[in-house]
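Here's a structure for you.
Nothing in this text is a laboratory measurement; each read-out follows from the coordinates by a stated rule. The model shown is predicted, which means the values in this text are computed figures rather than measured ones. We place every Cβ from the backbone using ideal geometry, glycine too, and count neighbours over all the protein chains shown.
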Amino acid sequence: MTSFVTATLIGVSLGAQYALLALGFTLIFGILGVVNFAHGGFYVLGGYAAYWFVSAAGLPYPLAVVLATLVTGILGYLFELLLIERLVDDHLATLMLTLGLYLMLSTGILITFGPESPLFEFPLNGTLRAGPFYFPIANLVVLAVCLLAILGVYALIFRTDLGRALRALADDRQVAAAQGLRPRLLFPLAFALACGLAGMTGALVTPILSLAPHVGDPVLATSFLIVILGGLGSIGGATVAAFLVGLVEAYSSVYLGGSKGALALFVLVLIILVVRPSGLFGRIAREA
Amino acid sequence: MSLLRRHAGEIATILVVAASLLIPRFTDDPLPISLANQILIAITAAFSVYLMLRMNLLTFAVPAFMAIGGYAAAIAGLQGGVTDAIALTALSFVAPAIVALPIGVLVLRLRGVYFVLVTFVLSEIVQLVLFETPQLTGGSNGLVGMPSTTAFGIELADNASVLVLTAAVALAAALVTALVTSLCRQHFAAIEENEPLAQSLGLVVWHYKVLGFVVAAGLAGMAGFSLVNMLLTAHPTSFGPGSSVNYIAYTIVGGRTSILGPVLGSALLVTLTNLFSNQGQYSQGLYGLLIVVVVLVARGGIVGTAMALVRRVGGLRPATAHLATGTAAPRGT
Amino acid sequence: MRGPKTIRAGAIAAIVALAAIAPARAACEVKFGALGPLSGPAAQWGLAVKGAAEFVAAEENAAGGLQVGQEKCRVTVTAFDAKYNAEGAAAGANYFVSQGVRFVIGPVGSPEMTGVKPIAARNNLLVMGDSFAKNAIGPQWPLVFHSGPGPSGWAPSIVDVAKQTYGIKSVVIVAPNDQGGTDIASVDAEAYRRHGVEPAEEYYQRGTSNFAAIAARIIARNPDAVDTASSPPGDAGVIVKQLRQAGYKGVLGRLGGSGTEEIARVAGGMDVLQNFYWYENVVVDERLKALGERYRQLVGAERPENTLFYPFVAATRMVTKAIAKAGTATDTKAVAAALRTLPVDDPDFGQGLWIGQDFYGINQELSFPFGIGLIVDGKPRPIAKHEAATGK
């Protein structure tokens, strides 16, 4: 029983982290139809930017997180505007573009910051304890930020004009454009928002885990898994799927071990997709 | 003549791959031989991606089926003492094809990115299964010590004969790909253009998709065999899920509209990867830059751009020109 | 739609792509190839190997060149990114052969070693590599040497010290689920078992970034010690941090690669490590600090941070000595014969010996004095220099 509760708490922490990652990914995916291979790159960049603002510029950590979010967001904006926008209708070409960008980003980070992990600590390193149970305070912060971010994005998409425009573009670009919406203005904004979210996640999570040039590698696979499992472009679906994956990963790792646990998770995903071909909450399939 | 014209890409591909059989006659320098070996393996694997893209399906499962083909051949050599190149090549095609059949039946109902994810998950699963079955696959250490492959009783052990075998396997893969895409040209085109429409017009889409998937798995398996034969080892790191992106890149950078695309894309990217590898820590970044530049400059890949150039210079009729690039831009929102 | 022009264009492109790059050869030049992962998660190891080869080359050149027979030869280094996989290493070895390289410094890691050996054997390359794989070297590869011993060499001595210092009776060894993890963890486990410490092995999927669940699983076993073996330092740091968060109070250790400083950085300081024992491939004393200074002068950059740099400096120097002794830079069999009979002695690294007969069946493993690091109750002790491992 103790181990079950422990695993559940771990699963919730994992889920919060995954949900933050998947949020940006599903935005780009749902609105632009782009599989952003550079998503992990923005996560790492956010981590290193925050690290730089703290260690080199001497800024307090919360401010560094905000600045890291801005930096990655602006970079994402420029990237969409200058590169992706040219080929936004060709899914394979954008996949290749973002892959190329990811390789360049991580090389740049490797050359600038070196291969080894720097000292980058979360300012709150305490742990809440009750009997055999524990919850690191840092994870609580991530959980809170995660919930705020989900609410924020939800409000933005469903309560503002910008959100309505983005949703219209996601539903049918031709019709939306014919009605006067301008993808060329809105797409970079959506991309910036998503990359900013990835960067913020990096700034928050890398000091809790570790920061190194390659820590973005697994981000893509996880985000991809969650977004599809949740149903494309569905913010609620991605959130539920993120916590589901987090919990399954925690239970399977605790009870089966790291390697067999991963196998169990993947097989489960496979089964879910075969049984429910449009994901848990999805309605229509977007063509790749 | 029109048949020849329509199959020009296929014919060119088969001739180019067949010509590579002769490389050892001209040089015994290990660099070009090693490079040709890598390119031909890449081509064989990229055919798998190309075939799936004919049906508008993007696959990340190439390393998974490469592993099944490669390990099947390695196990046959180690435990069954099979060394005949033709038998091993056939096995490396058949084994992943058999595995792919039930999977295809199950997952080909999925469209678009859902299918992409399943293929992605398949690669992860195969990698973990390799680790969990050390008795059969050697686990994390892989399999080494296979007997040398033979062809008609002659041992193929030195650099040159390994290349000849790789080239022969690539040639077989090219023939299979050309055959399947030619026979199913209209059906695949119908699926690619508009699957629901094709379905409503009475095309049993599902049969052709399974056929394509099974053959694509077999092609990947052949590439796996060539890789194992070149390295003299079947090692899990050779089939990492991350490597799937490379085969996709070869196909897209080369051009997905013609079978010549995977050939040119593999040749270009593998050659440059080798050149970049002595640039130290810059190698990956240069590779990324290259992909970005090619994708931006050469829309429709190298083949698509070359055809656009040919069209501009040769002044082909617009109708034909449209056909050549019409499939280059995929639909979707 | 596809005219004959396509055929011609295709043929030309293929010929261009497959065209040979002619090897360049200078008058008297000894070429070393530095092979290792220069990008990706294992980049620090490859960069250390590259730095070591370049440093030794610079040393020789600063002294007027390497004596080969009657000539003084310039030593040059070509590096190749093997990407931590077998294909990359095989491609690198082929590249070296065509560039006239006869001596390979590196590769690092089991997959690369697996990939490089067949090519090296086919082309008579001398390889001075590092891999903790159980079959890294062997009688069937007479030209393949090991730059330093694997855990079979040093693990027993460190287990002994750890047992005496902390009184541990059980240990969980945690490592990634690939050859870089399993081949070390299983050898470590054997060393623990022989010293009466009950081992259990725990593998995680390479690429895992959050180890909270693994930590919970380890704690459920209630071990006296947790050994992070060859987990990359970044991973090991997170494992340590999350074990402590989960309330683990026991001893931690690392019988695998070095990187304790990086682990401490990620985990949040020496206090978090609290009680920690580890293998250090060298003891960085005054002489080695001076070596770092010399690197700066000769190469004009900071030395690679990873301490794998040091054993590779020692190993590369051994190769240059063997070339000088054999009087040839082309006959690698003669150089290998000279290398085997060279006394293992280096002004900077001390006296060592050739080992490996008992574990690999061939005496081609360089063994120099190594270090045992201990942190006891949060206080790091000076790293104890240990005699070169004998491999028995």
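Please state the charge dipole magnitude for chain A, taken about the Cα centre, from unit charges on C-beta atoms (+1 on K and R, -1 on D and E), reported in debye and rounded to the nearest 20.
The calculation lands at about 480 debye.
Return the long-range amide H neighbours of C:V75 (sequence gap of 5 or more, or a different chain), with a cut-off of under 5 Å between placed amide H atoms.
Under 5 Å from the amide H of C:V75: C:V30, C:N61, C:L66.
Taking 25 Å as R0, compute the FRET efficiency from the Cβ-Cβ separation of B:L309 and A:A177 and round it to 0.05.
The formula returns an efficiency of 0.20 here.
Can you give the local net charge around A:F120? Use residues other than it whose beta-carbon is closer than 13 angstrom to its beta-carbon, Lys and Arg +1, Asp and Glu -1.
Neighbourhood net charge equals -1.
Please arrange C:T165, B:T181, C:T228 by counting, for each residue, the other beta carbons lying within 10 Å of its beta carbon, fewest first.
C:T165, B:T181, C:T228
I've got another one for you. Only loop residues by DSSP count here, and only those with at most 14 other Cβ atoms within 10 Å; note down the trypsin sites (Lys or Arg not before Pro) in the stretch B:256-317 that meet that.
none
Also, quick follow-up: R0 = 51 Å: FRET efficiency of A:S3 with B:I154, Cβ-based, nearest 0.05?
0.25
Straight-line reach only, C-alpha to C-alpha below 29 angstrom: list the lysines that C:K117 could link to, leaving out same-chain residues fewer than 8 apart.
Result set, ordered by chain and number: C:K31, C:K50, C:K83, C:K134, C:K321, C:K325, C:K333, C:K392.
Which angle from 0 to 90°, rounded to the nearest 10, does the C-alpha axis of helix C:179-194 make with the longest principal axis of chain C?
The angle comes out near 40 degrees.
Can you sort B:W206, C:W141, C:W278 from fewest to most other Cβ atoms within 10 Å of each residue's own Cβ?
Fewest-to-most Cβ neighbours within 10 Å comes out as B:W206, C:W141, C:W278.
So which residue, out of C:T208, C:T328, C:T316, gets the largest mean-square fluctuation from a GNM of chain C using Cα contacts under 10 Å as springs?
Evaluated over chain C, the most mobile residue of the options is C:T208.
Taking only Cα atoms, what is the 0 to 90° angle, nearest 10, from helix C:43-62's long axis to the longest principal axis of chain C?
So the inclination is approximately 50 degrees.
Note down the relative contact order for chain B as a percent, whole number, built from C-alpha pairs under 8 angstrom at least six residues apart.
30 percent
Sticking with this one: Once Lys and Arg get +1 and Asp and Glu get -1 on their Cβ, which of C:F32, B:F26, C:G378 lies farthest toward the positive end of the dipole of the protein assembly as shown?
Sorting the options by dipole projection puts first B:F26.
For the protein assembly as shown, what does -39500 (n - 2.57) per DSSP helix run (n ≥ 4), summed and divided by total residues, give at 222 nm, in deg cm²/dmol to the nearest 500?
Taken over the protein assembly as shown, the calculation gives -20000 deg cm²/dmol.
Going by how many other Cβ atoms sit within 10 Å of their own, how do A:T72, C:T320 line up, fewest first?
Listed from fewest to most nearby Cβ atoms, that is C:T320, A:T72.
Using a 10 Å cut-off on Cβ atoms, rank the peptides C:214-225, A:131-142 from the highest mean neighbour count down.
Ranked from most to least packed, the peptides come out as C:214-225, A:131-142.
Can you run phi through the Karplus equation (6.51, -1.76, 1.60; θ = phi - 60°) for the stretch A:38-50 and list ³J(HN,Hα) in whole Hz, with x for Gly and Pro?
Karplus-based 3J(HN,Hα) across the stretch A:38-50 equals 8, 4, x, x, 5, 4, 5, 4, x, x, 5, 5, 4 Hz.
So, one more: Considering every residue in B:222-233, what mean count of other chain Cβ atoms within 10 Å of its Cβ is obtained?
Mean shielding count: 3.
Using θ = phi - 60° and the Karplus form 6.51 cos²θ - 1.76 cosθ + 1.60, what ³J(HN,Hα) does each residue of the stretch B:211-224 get, whole Hz, x for Gly and Pro?
Residue by residue, the stretch B:211-224 yields 4, x, 4, 5, 5, 4, 4, x, 4, 4, x, 4, 4, x Hz.
Taking the Cα centre of the stretch B:2-240 as origin, work out the dipole magnitude from +1 charges on Lys and Arg Cβ and -1 charges on Asp and Glu Cβ, in debye rounded to 20.
Using only the charged Cβ atoms, the result is roughly 640 debye.
Would you please give the residues with an amide H less than 5 Å from that of C:V226, counting only those at least 5 places away or on a separate chain, with H modeled from the backbone geometry?
HN-HN under 5 Å from C:V226: C:V172, C:V251, C:L252, C:G253.
While we're on this one: Where the centre of each part is set by its Cα atoms, how far does the stretch C:349-365 sit from the stretch C:224-260, in angstrom?
If you average the Cα positions of each part, the centres end up 29 Å apart.
Summarise the partner chain shielding of A:221-229 as one whole number: the mean count of Cβ atoms from other chains within 10 Å of each residue's Cβ.
Going residue by residue through A:221-229 and averaging, the value is 4.
Set Lys and Arg Cβ to +1 and Asp and Glu Cβ to -1, take the dipole of the stretch A:2-215 about its Cα centre, and tell me which of A:F113, A:L14, A:G46 lies farthest positive.
A:L14
Please list, in order along the stretch B:4-13, the HN-Hα scalar couplings obtained from phi with the Karplus expression 6.51 cos²θ - 1.76 cosθ + 1.60 (θ = phi - 60°), rounded to whole Hz, x for Gly and Pro.
3J(HN,Hα) across the stretch B:4-13, in whole Hz: 4, 5, 5, 9, 4, x, 4, 5, 4, 4.
For the stretch C:223-314, which trypsin sites (Lys or Arg not before Pro) are both in a DSSP coil and crowded by at most 14 other Cβ atoms within 10 Å?
Counting only loop positions with at most 14 other Cβ atoms within 10 Å, the trypsin sites (Lys or Arg not before Pro) in the stretch C:223-314 are C:K249.
Continuing with this model, one more query. Which far-off residues, 5 or more places away or on another chain, put their amide H under 5 Å from the one on B:D84, with H placed in the peptide plane?
Result for B:D84 returns B:T150.
Please give the Cα centre distance for the stretch C:65-82 versus the stretch A:40-66, rounded to the nearest Å.
Measuring centre to centre over Cα atoms gives 44 Å.
At what distance in angstrom do the alpha carbon centres of the stretch B:1-62 and the stretch A:71-94 lie from each other?
Going from one Cα centre to the other spans 32 Å.
Select from C:V197, C:I263, B:Y282 the residue farthest towards the positive end of the dipole of the protein assembly as shown; place +1 on Cβ of Lys and Arg, -1 on Cβ of Asp and Glu, and compute about the Cα centre.
Looking along the dipole axis, the top candidate is B:Y282.
Where a Cα-Cα gap under 15 Å defines reach, which aspartates and glutamates qualify for C:K385, not counting those fewer than 8 residues away within the same chain?
Partners within reach: C:D160, C:E280, C:D285, C:E286, C:D348.
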